[in-house]
Amino acid sequence: MSQLQISLLGSIELYLDDKRITRLTSKKAQALLAYLAAESGQSHWRGSLAGLLWPEQPEELARQSLRQALLQVRRVLPAGSLDATQETGEFIPQPGFQLDVVTFTEHIIASRQHSHASLEKCQSCFVRLQEAATYYRGDFLAGFFLQDCERFEEWARFKREWLRREMLQTLYQLSALHEGRAEYNEAYACAWRQIEMDSLREEAHQQLMRVLALSGRRSEALAQYEICRTLMAEELDFCRQRKRRPYLNRSAPATLIRGLRGRSQR
């Protein structure tokens, strides 16, 4: 039986038996497949799908566009993967099917639900979190945008923000776990990846400074503190100008920095 893989973390990619599928060129058809796959396990009314992706069209014309998109999607999927009736459409995962969003979240959930004494001492959960991180190639539907589809974009934005938070937390945990094992290069990489995703993530800056200090790179830790302080000051100034609440907790790691400065002056 053919094995289908769909990747939605990062750009949309489809593989059938390890061969990439490039025939699905319509953006609306791609969006339809992404939505049905990410929301599998439930039937979707055709009227709802048509309104999701063709909101500017009259209902009958939107339904016709949906029929054409469903045909395009069906042509690239293994038999039985798409159940489309006159009223509903549903993605049916076949044996061997893999969706990176599902695999990513399953590893994280398994780690949270595992009855270990502590995460720091659980090798199996450490491996689960590492596996989860490998599936996150980028943000959900990165670079994919449908200008005329507000409901679809709202759905995608919600998914994107949720998965992004999950990834940031996973990286934070991995950095802490690597640090506890004195694996400072790996801890640094996980902290830095958080900063690449969110330059204002204070806890990631703190992890990075601590790892640099622990690995003997104190001058780099102090330099990172200055970078962090500058970023936070800019964010505070930006929010004051626009009368917004700043996205930070202002808990700069002063104790760590005082200790570093004291050592560097000896």
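The values are calculated or read from the model by the stated rules, or taken from the named source; none is laboratory data. Keep in mind it's a predicted model, so treat the numbers as computed, not measured. Don't worry about glycine lacking a Cβ; one is built from the backbone with ideal geometry, like all the others, and counts go over all protein chains shown.
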(message) Kindly evaluate Tyr225 against the criterion of being modelled with pLDDT of 95 or more and over 16 Å from the mean Cα position of the chain (by Cα).
(response) no
(message) Quick check on the stretch 181-207: of everything there that is basic (Lys, Arg) and closer than 19 Å to Arg229 by Cα, which residue is farthest from the chain's Cα centre (by Cα)?
(response) Arg201
(request) Please specify each residue of the stretch 1-47 satisfying the condition of being touching a strand residue (DSSP E or B) at 6+ places or on another chain (Cβ under 7 Å) and basic (Lys, Arg). (result) Arg20, Arg46
(request) Report whether or not Gln206 is more than 17 Å from Cys122 (Cα to Cα) and crowded, with 22+ Cβ neighbours inside 10 Å. (result) no
(request) Just give me the residues in the stretch 6-57 being of a type in the set (S, T, N, Q), in contact with a helix residue (DSSP H, G or I) (Cβ under 8 Å, 6 or more places away or on another chain) and not in a loop (DSSP other than H, G, I, E, B), in sequence order. (result) Ser7
(request) Look through the stretch 6-52, keep the residues that are in contact with an Asp or Glu (Cβ under 8 Å, 6 or more places away or on another chain) and within 15 Å of Thr103 (Cα to Cα), and return whichever of them is surrounded by the fewest Cβ atoms within 10 Å (Cβ to Cβ). (result) Ser40
(message) For the stretch 165-180, give me each residue that is over 30 Å from Phe145 (Cα atoms) and either within 20 Å of the chain's Cα centre (by Cα) or in contact (Cβ under 8 Å) with a residue 40 or more places away in the chain (or both).
(response) Gln173, Leu174, Ser175, Ala176, Leu177, Gly180
(request) Return yes when Gln94 is over 15 Å from Gly41 (Cβ atoms) and in a loop (DSSP other than H, G, I, E, B) and no when it is not. (result) no
(request) Within the stretch 189-200, track down each residue that is at pLDDT 90 or above and not polar (S, T, N, Q). (result) Ala189, Cys190, Ala191, Trp192, Arg193, Ile195, Glu196, Met197, Asp198
(message) I'm told Thr25 meets every condition in (1) polar (S, T, N, Q); (2) closer than 17 Å to Thr88 by Cβ; (3) modelled with pLDDT under 95; (4) more than 23 Å from the chain's Cα centre (by Cα) except one. Can you identify the failing condition by its number?
(response) (2)
(request) Kindly indicate the residue of the stretch 206-222 that is in contact with a Ser or Thr (Cβ under 9 Å, 6 or more places away or on another chain) and not hydrophobic (A, V, I, L, M, F, W, C) and also modelled with the highest pLDDT among those meeting that condition. (result) Gln207
(request) Evaluate the following for Gln86: is it within 26 Å of Cys149 (Cα to Cα), modelled with pLDDT under 95 and in a loop (DSSP other than H, G, I, E, B)? (result) yes
(message) Please go through the stretch 122-164 and give me each residue that is among the aromatic types (Phe, Trp, Tyr) and more than 13 Å from the chain's Cα centre (by Cα), ordered by number.
(response) Phe126, Phe144, Phe145, Phe152, Trp155
(request) Among what's in the stretch 97-110 and is part of a helix (DSSP H, G or I) and either touching a Pro at 6+ places or on another chain (Cβ under 7 Å) or in contact (Cβ under 8 Å) with a residue 40 or more places away in the chain (or both), pick the residue that is surrounded by the fewest Cβ atoms within 10 Å (Cβ to Cβ). (result) Thr105
(message) Between a residue in the stretch 52-69 that is of a type in the set (Ser, Thr, Tyr) and any residue that is in a helix (DSSP H, G or I) and crowded, with 16+ Cβ neighbours inside 10 Å, which pairs come within a Cβ distance under 9 Å, given they are 6 or more apart or on different chains?
(response) Ser65/Lys28; Ser65/Ala50; Ser65/Leu53
